[in-house]
Amino acid sequence: MTPLQVLDRYLEALLAGDLDAIRASFAEDAVWTLHGDLPIAGPWRGRDSIVDDFLVKVGGGLFEAGTQSFEWLSRTADDRAAVLEWRVRARTAAGRDYDNRYLAIFEVADDRITDVREFTDTAYLDAVLFADPAKAGSA
């Protein structure tokens, strides 16, 4: 499979909420690094940690159920990696509106994701998802 095909397989599983297929998209020793100084910043090491400790936590605990929407903005690839830019809109668990853009580089080997380096506006993410609403006001 090409890196774009591997990425597409992962994204389809993500949108379907298929944890088994999401898990199968990653190499056993994969690493996902969310850069920045946040409670959810990485590196997350190993596919089980990526899925159970990072992706499930972000998807299930930070946003109201059923409010997340993903928009794939652009993607490109070479023979070893795919780059994806996307936008997430949601309602946070605290009832705040969330709208942020992300970019990640997905390294691929043997039809599995081996490394993800994710970048986003961490100041915005921190203010909307982690700041005390009583202290921060609305973002």
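When the range 65-123 is examined, which residues are found to be among the small types (Gly, Ala, Ser) and assigned to a strand (DSSP E or B)? Give the derivation first.
Of the range 65-123, the ones among the small types (Gly, Ala, Ser) are 65-66, 69, 74, 77, 81-82, 90, 93-95, 104, 109, 123.
Of everything in the range 65-123, those that are among the small types (Gly, Ala, Ser) and assigned to a strand (DSSP E or B) turn out to be Ser69, Ser74, Ala77, Ala81, Ala82, Ala90, Ala104, Ala109.
Here are Ala104, Ala81, Ala90, Ala65: which of them is out of contact with any strand residue (DSSP E or B) (no Cβ under 7 Å at 6 or more places or on another chain) and either at pLDDT 90 or above or hydrophobic (A, V, I, L, M, F, W, C) (or both)? Outline the logic, then answer.
Working: Ala104 fails: out of contact with any strand residue (DSSP E or B) (no Cβ under 7 Å at 6 or more places or on another chain); Ala81 fails: out of contact with any strand residue (DSSP E or B) (no Cβ under 7 Å at 6 or more places or on another chain); Ala90 fails: out of contact with any strand residue (DSSP E or B) (no Cβ under 7 Å at 6 or more places or on another chain).
From the options Ala104, Ala81, Ala90, Ala65, the qualifying one is Ala65.
Would you tally the residues in the range 101-129 being touching a residue at least 60 places away in the same chain (Cβ under 8 Å) and surrounded by fewer than 15 Cβ atoms within 10 Å (Cβ to Cβ)?
3
Check Asp37, Asp18, Asp8, Asp29 and return the single one that is loosely packed, with under 14 Cβ neighbours inside 10 Å and modelled with pLDDT of 95 or more. Before you say what the answer is, go through the steps one by one.
Working: Asp37 fails: modelled with pLDDT of 95 or more; Asp18 fails: modelled with pLDDT of 95 or more; Asp8 fails: loosely packed, with under 14 Cβ neighbours inside 10 Å.
Going through Asp37, Asp18, Asp8, Asp29 in turn, just one is loosely packed, with under 14 Cβ neighbours inside 10 Å and modelled with pLDDT of 95 or more: Asp29.
For Asp52, indicate whether it is surrounded by fewer than 18 Cβ atoms within 10 Å (Cβ to Cβ), more than 22 Å from Asp126 (Cα to Cα) and either free of Cβ contacts under 8 Å to residues at least 12 places away in the same chain or among the basic types (Lys, Arg) (or both). Break it down stepwise before answering.
Details: surrounded by fewer than 18 Cβ atoms within 10 Å (Cβ to Cβ): yes; more than 22 Å from Asp126 (Cα to Cα): no; either free of Cβ contacts under 8 Å to residues at least 12 places away in the same chain or among the basic types (Lys, Arg) (or both): yes.
For Asp52, the condition - surrounded by fewer than 18 Cβ atoms within 10 Å (Cβ to Cβ), more than 22 Å from Asp126 (Cα to Cα) and either free of Cβ contacts under 8 Å to residues at least 12 places away in the same chain or among the basic types (Lys, Arg) (or both) - is not met.
Can you tell me how many residues in the range 86-100 are surrounded by fewer than 14 Cβ atoms within 10 Å (Cβ to Cβ) and basic (Lys, Arg)? Break it down stepwise before answering.
Step one: of the range 86-100, the residues surrounded by fewer than 14 Cβ atoms within 10 Å (Cβ to Cβ) are 87, 95, 97, 99.
Imposing the further condition that a residue be basic (Lys, Arg) reduces the set to 87.
Looking only at that region, the number is 1.
Against the condition modelled with pLDDT of 90 or more, over 20 Å from Leu14 (Cα atoms) and among the acidic types (Asp, Glu), how does Asp52 come out, does it pass? Write out each step before concluding.
On the way: modelled with pLDDT of 90 or more: yes; over 20 Å from Leu14 (Cα atoms): no; among the acidic types (Asp, Glu): yes.
No: the conditions fail for Asp52.
Within the range 11-49, how many residues turn out to be closer than 26 Å to Asp126 by Cβ and either of a type in the set (Asp, Glu) or touching a His at 6+ places or on another chain (Cβ under 6 Å) (or both)?
1
Here's the yes/no breakdown for (1) of a type in the set (D, E, K, R); (2) out of contact with any helix residue (DSSP H, G or I) (no Cβ under 9 Å at 6 or more places or on another chain); (3) in a helix (DSSP H, G or I); (4) at positive phi:
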site	(1), (2), (3), (4)
Arg9	yes, no, yes, no
Glu12	yes, no, yes, no
Asp29	yes, no, no, no
Thr33	no, yes, no, no
Asp37	yes, no, no, no
Val51	no, no, yes, no
Val56	no, no, yes, no
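Give the residues of the range 65-77 that are surrounded by 11 or more Cβ atoms within 10 Å (Cβ to Cβ), of a type outside the set (Ser, Thr, Tyr) and either at positive phi or over 16 Å from the mean Cα position of the chain (by Cα) (or both), sorted by residue number.
Passing the criteria: only Ala77.
The values are calculated or read from the model by the stated rules, or taken from the named source; none is laboratory data. Model, not experiment: these values are computed from the prediction. Glycine gets a Cβ as well: all are built from the backbone with ideal geometry, and neighbour counts include every protein chain shown.
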